[in-house]
Amino acid sequence: MADAHDHLPSVSGVTLTPGVLLLESEAAAMLRVDPDTLRVWRSKSRRAGAPRIGPRWRELGGGRLIRYVSDDIIEYVAGADPLALESAAGERRRRRPRKGGI
């Protein structure tokens, strides 16, 4: 007997229901990247003339809340370069030294 979710797409083994808002941490887990990677992608994408990096996101509450829609995660994974995702998953956040001290 077929499960009602058999036709729904999955990312990283998690079945996604279309139209569901995801927290940044949930989207990062599904993409197997650090949440900081999503923040870097958003930051780079906001630069004038820059192409969007990563899945689309929504800014709610005047931009204070960042959410991802499950459909956009599915679309991004379907069109993403697997090597780029693998590279992003392995990148470490590089911290800049603090100014004027240790």
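The values are calculated or read from the model by the stated rules, or taken from the named source; none is laboratory data. Predicted model, so just to flag it, every value in this text is computed and none were measured. Cβ: placed from backbone, ideal geometry, glycine included. Neighbour counts: every protein chain shown.
Pairs, please: C-beta under 6 Å, at least 6 apart or cross-chain, first residue on the phi > 0 side of the Ramachandran plot and in region 42-71, second part of a helix (DSSP H, G or I)?
Close Cβ pairs (under 6 Å, with a partner that is part of a helix (DSSP H, G or I)) amount to G54/W41.
Among the residues of region 20-44, how many are modelled with pLDDT under 90 and under 19 Å from G61 (Cα atoms)?
Counting residues in region 20-44 that are modelled with pLDDT under 90 and under 19 Å from G61 (Cα atoms) gives 1.
Can you name every one of the helices (runs of 4 or more DSSP H) wholly within region 17-80 that holds 2 or more residues which are over 10 Å from the mean Cα position of the chain (by Cα) and loosely packed, with under 15 Cβ neighbours inside 10 Å?
35-45, 70-79
Tell me yes or no: at least one residue of region 91-102 is at pLDDT 90 or above and touching a helix residue (DSSP H, G or I) at 6+ places or on another chain (Cβ under 6 Å).
Checked against the condition, which is being at pLDDT 90 or above and touching a helix residue (DSSP H, G or I) at 6+ places or on another chain (Cβ under 6 Å), region 91-102 yields no hits at all.
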